[in-house]
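Each remark here refers to the structure printed beneath this line.
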Amino acid sequence: MPAIAQNIEQIEKGLKPDITLVAVTKTKPVELLLEAYKAGAKHFGENKVQEMTAKYEELPKDIVWHMIGHLQTNKVKYIAPFVSLIHSVDSIKLLKEINKEAEKNDRIINCLLQVYIAREETKFGLSDSEAEEIITSNELSSFGNVKIVGLMGMASNTDDHEKVRGEFRHLKNLFDHLKKYDSERVQMVELSMGMSGDYNIAIEEGSTMVRVGSAIFGSR
Ligand SMILES: *Cc1c(COP(=O)(O)O)cnc(C)c1O
């Protein structure tokens, strides 16, 4: 069996059935994505709009595309026709643009709010209170074509497992806290946390969606 298929099988074995494996395919050529697809991977994560759009056009149409990287408002229009979940929403301005482009495409785009949990390290993301502000804002309730379905976070890049665990636990607590605002536009169901180096810890702390790149495709 080719290495990619073996890696996917190995990772899937360790996941409960209700946890989604997002194969992070950034920088990898379409041939390797196709190999992963044939091995059963259907959820792919990319961090650049142009790369994701090009790959979308070449690959089977039942692939579920996840935008996991920082998204500029002027690029939303390129992915709005097909993206399934945007993990990296970090402002109401971006949400407004996603709503506008989703409306043009006559669809509802599901979004996660990106919260920074590794305080020293992440450039992008919201504080806990900023996330809560967006969820409770009047503006959000006027956006008919987006839905906030959960949170995304990245833990510190460190061997200190207890630190990583603490950051994931913090995000899970916020996620649970925000469930009280569930409404037509908000439903806290997905908690996107865990990458190649820390997805086992993330799962123990309540992740519903892991984003795994190098453990499937090798280092970038
Ligand atoms: C690249 C990336 C990943 C995957 O990282 P690996 O360590 O290769 O598993 C996950 N999430 C985000 C947001 C990324 O940019």
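Values in this text are rule-based calculations from the coordinates and carry no lab data. Source: prediction; values computed, not measured. Every residue, glycine among them, receives a Cβ derived from its backbone with ideal geometry; neighbour counts consider all protein chains shown.
List of remarks:
- Ranking of Met209, Met193 by count of other Cβ atoms within 10 Å, fewest first: Met209, Met193
- Structure note, pairs Lys48/Lys180; Lys96/Lys179; Lys96/Lys180; Lys13/Lys172; Lys28/Lys77: Cα-Cα distances above 30 angstrom occur for Lys48/Lys180.
- Computed FRET value (nearest 0.05) for Lys42 with Gln187, which takes r as the C-beta separation and R₀ as 22 Å: 0.50
- Seen from Asp176, the other residues with C-beta closer than 14 Å to its C-beta sum to a net charge of -1, counting Lys and Arg as +1 and Asp and Glu as -1.
- At 1.567 mPa s and 4 °C, Stokes diffusion of the chain via Kirkwood alpha-carbon radius, µm² per second: 74 µm²/s
- Over the chain, DSSP H runs of length four or greater, each weighted -39,500 (n - 2.57), average out per residue to a 222 nm ellipticity of -11000 deg cm²/dmol.
- For the chain: relative contact order, % (alpha-carbon pairs under 8 angstrom, 6 or more apart): 19 percent
- Förster radius 35 Å - calculated FRET efficiency between Thr73 and His177, Cβ distance, rounded to 0.05: 0.80
- The range 20-119 - Debye-derived log10 I(q)/I(0), Cα point model, q = 0.13, 0.16, 0.21 Å⁻¹: -0.44, -0.66, -1.06
- Note on Ser91 and Asp160: with the Förster distance fixed at 25 Å, the Cβ-Cβ geometry gives a FRET efficiency of about 0.25.
- Span from the the range 167-192 Cα centroid across to the the range 37-55 one, whole angstrom: 26 Å
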